[in-house]
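Read the structure below first, then the notes.
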Amino acid sequence: MKSSAAPCCANSDASAPRGRIFNIQRFSLHDGPGIRTVVFLQGCPLRCVWCANPEGIGGPADVHCPDGPQRRAGETRGVAEVHRQVMADEAYYRTSGGGVTLSGGEMAQQPDFARALLAACRRDGVHTAVETSGFASWSALRRACEFSQLVLYDLKLADAARHRRYTGVSLRPIVRNLQRLLAGDIPVRIRIPAIPQVNDGPAQARAMMELIHALTRHSASFAGIELLPYHSFGVNKYTQLGLPYRYAEMHPGAGPADTGELERAARGFGMGAATLAHCIG
Ligand code: SF4
């Protein structure tokens, strides 16, 4: 995929697409280079049993936040309005080499909004990134990524049956879209949430790194692997939303995340894997 030049002007809110957003998080240090603002787009076709953001999967929902009172998660907003909000931290982006990251949910579910917001950021010289599960039509994913300068691509499992069991969807389109992105010119960093008893054992770790090695060895766009240790910060949200937390039901008493096997397996295939201190889901 070839990235395009940013357009000369952002659309007015009247003509620009609107996006459904459930959170905007400032001062993120884990979702691309420098200090970043992460815009979380609502809606996701996956149903990962460990998902830390259940309010971001479906429609609007009431949740309590650690940093504030109960709020309604999920609102529809225009490109110009969100662009204005994220540009409030422009000085931090410039001094740190940071920028804006679109995450979710799955941001490729809203490709026109994602494209327009990232184009507006690029116009202002702000670095842009997306985080995606890769589960989308290629046309939607390509459109959503068009003005992104970095793709953070989540891979959960390399085993097709386990992938469907734990995420509810097929692995095949995710791998196919990753191949297409790796053939393009946008840097692609692969992210693996390390989930205890799901993908952190020796067999799953090896299968994952074998798959990544096969997909990336001839790609000039491959920009490394990041491991995101599981956390249980999202558990209370399930209680508030009246939803079962399926991960705890499937693996009661699972211990803390262990990234050791994934790191060792990556080294075994001649690759590195950096472990981040904080997992976003
Ligand atoms: S963890 Fe990410 S991909 Fe999985 S259901 Fe949650 S938002 Fe979707």
Matching option when the condition is among the charged types (D, E, K, R) and within 18 Å of the chain's Cα centre (by Cα), among Arg191, Arg217, Arg264: Arg191
Of the criteria (1) in contact with an Asp or Glu (Cβ under 6 Å, 6 or more places away or on another chain); (2) part of a loop (DSSP other than H, G, I, E, B), which one Arg191 fails: (2)
Cβ pairs under 6 Å, 6+ apart, first in region 122-141 and among the aliphatic types (A, V, I, L, M), second in a strand (DSSP E or B): Val126/Gly99; Val126/Val100; Ala129/Thr101; Val130/Leu102; Val130/Val151
Single residue of Ala116, Ala108, Ala120 found to be within 13 Å of the ligand (Cβ to nearest atom), part of a helix (DSSP H, G or I) and modelled with pLDDT of 95 or more: Ala108
Test: residue in region 161-176 that is away from the ligand (no atom under 16 Å from the Cβ) and in contact (Cβ under 8 Å) with a residue 24 or more places away in the chain: yes
Options Arg115, Arg123, Arg162, Arg180; residue that is out of contact with any strand residue (DSSP E or B) (no Cβ under 8 Å at 6 or more places or on another chain) and within 30 Å of His251 (Cα to Cα): Arg162
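Looking only at region 49-75, count every residue that is at pLDDT 95 or above and under 13 Å from the mean Cα position of the chain (by Cα) and tell me the total.
Of the residues in region 49-75, 1 are at pLDDT 95 or above and under 13 Å from the mean Cα position of the chain (by Cα).
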Failed criterion for Gln149 (all others in (1) polar (S, T, N, Q); (2) within 24 Å of Gln42 (Cβ to Cβ); (3) within 16 Å of the ligand (Cβ to nearest atom) hold): (3)
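The values are calculated or read from the model by the stated rules, or taken from the named source; none is laboratory data. Worth saying up front: this structure is predicted, and the values here are computed from it rather than measured. All Cβ positions, even for glycine, are placed from backbone atoms using ideal geometry, and neighbour counts span all protein chains on display.
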